[in-house]
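Below: the structure, in structure tokens.
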Amino acid sequence: MVTILDVARRAGVSKATVSRALNGKVVVSEEVKARIFKAIEETGYRPNLLARTLATSRSNSVGLVITNGLYNGPFFSAMIYQAATCSEDLQRQLVLADGKHSREDERNAINFLLQLRCEAIMIYPKYLSVDELDDIIDESSVPIVVINRELKRNRSSSVFVDHYQGSMRMVEYLLDQGHRDIAFVAGGEGSPTGDSRLAGYLDAFNAAGLTPDESLIVRGSWSTESGYEAGCALLKKDRPMSCVLAANDDMAIGVTKAMIDHGLRVPDDISVAGFDDSIIGRYFTPTLTTVHIPMDEMIRDAVRILLSPDSGDDSAPQSLHEGSLIVRDSVAKRKR
């Protein structure tokens, strides 16, 4: 099926320019317009009439698709707050759509926002693959930005963080503190974020010429409760362990509670670290050593990309962010 992206490539313009020429709401030069309509004729592209209607009858709103399983935690609450604040600053209303439990649910959420005539859409995907997300963007005349996933074709339509480098940086710090027996509480199965953080953990050991004890790798499901269960499971292994690194702060807090309940002092007897730099880790006792994920900046970038005149321009640079190490009280030097 021919898409608006095929027309854009043939005409040598961005998707956004093709959309503007079809919608007629923004001035496009006659020369560019002629190239676009020639490309339409040559490719046999048939514009989606519903999408065109929606695009020309906007509701001054920005949509956000996020799965309900992610609502329950301070990190994602802060993300939604930032999305609402950025939208308000630009005189737009934020509309939240629930991606629920499957790829089909996430697709339905996107269609729901289109039916509401959202001017642009942000997606924080859990189930849709990179290829599926690229296809959705290719077929849409409404600007879409994907958060926390690196796309293959629509690279300028993704805002993401290098979780792998953040994980390596954290493990390098823990190794510098003398820790060698570092357990890892991984995220849920099949999560690109979790997989990247686990890969960074493993490769940091390899880069240091060390071999991690893979019996100390257990899986959680991103929640505090699963972190507590993972901490208990690690203690039952009765293996040497001076530090636990969890793939997010919620699980790290659960791990800390498990250690304390088993009579260990954090960080005197065992160190604990996390990821994300959620606000609760700053006020938890002990305060949590973590990797800061700049979600505020990522959301601001996403909204800027969506509402800029060049949204959808495939030549625009991708938005890559890096995590930064935040050293607090939950990690101590390993006692010799």
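The values are calculated or read from the model by the stated rules, or taken from the named source; none is laboratory data. Fair warning: this is a prediction, and the values are worked out from it, not measured in the lab. Using ideal geometry, Cβ is built from the backbone for each residue, glycine included, and neighbour counts are taken over all protein chains shown.
Numbers at a glance
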{"read-out": "Residue in the range 234-248 that is in contact with a helix residue (DSSP H, G or I) (Cβ under 9 Å, 6 or more places away or on another chain) and closer than 30 Å to D138 by Cβ present", "value": "no"}
{"read-out": "Positions within the range 230-257 being touching a residue at least 40 places away in the same chain (Cβ under 8 Å), assigned to a loop (DSSP other than H, G, I, E, B) and touching a strand residue (DSSP E or B) at 6+ places or on another chain (Cβ under 9 Å), in sequence order", "value": "R239, M241, S242, A247, N248"}
{"read-out": "The range 167-195: number of residues that are aliphatic (A, V, I, L, M) and closer than 15 Å to I326 by Cα", "value": "4"}
{"read-out": "Verdict on L210 being closer than 14 Å to M168 by Cβ and part of a loop (DSSP other than H, G, I, E, B)", "value": "yes"}
{"read-out": "Matching residues, the range 215-229, being modelled with pLDDT of 95 or more and either over 26 Å from the mean Cα position of the chain (by Cα) or in a loop (DSSP other than H, G, I, E, B) (or both)", "value": "S215, L216, G220"}
{"read-out": "Residues of the range 297-331 that turn out to be exposed (fewer than 15 other Cβ atoms within 10 Å of the Cβ) and at pLDDT 90 or above, as a count", "value": "5"}
{"read-out": "Which listed residue is in the same structural domain as A186 (by the TED database), in contact (Cβ under 8 Å) with a residue 60 or more places away in the chain, out of contact with any Lys or Arg (no Cβ under 8 Å at 6 or more places or on another chain) and surrounded by fewer than 22 Cβ atoms within 10 Å (Cβ to Cβ), from I217, I280, I260", "value": "I280"}
{"read-out": "Every residue from the range 182-204 that is touching a helix residue (DSSP H, G or I) at 6+ places or on another chain (Cβ under 7 Å) and either of a type in the set (K, R) or in a loop (DSSP other than H, G, I, E, B) (or both)", "value": "G187, G188, R197"}
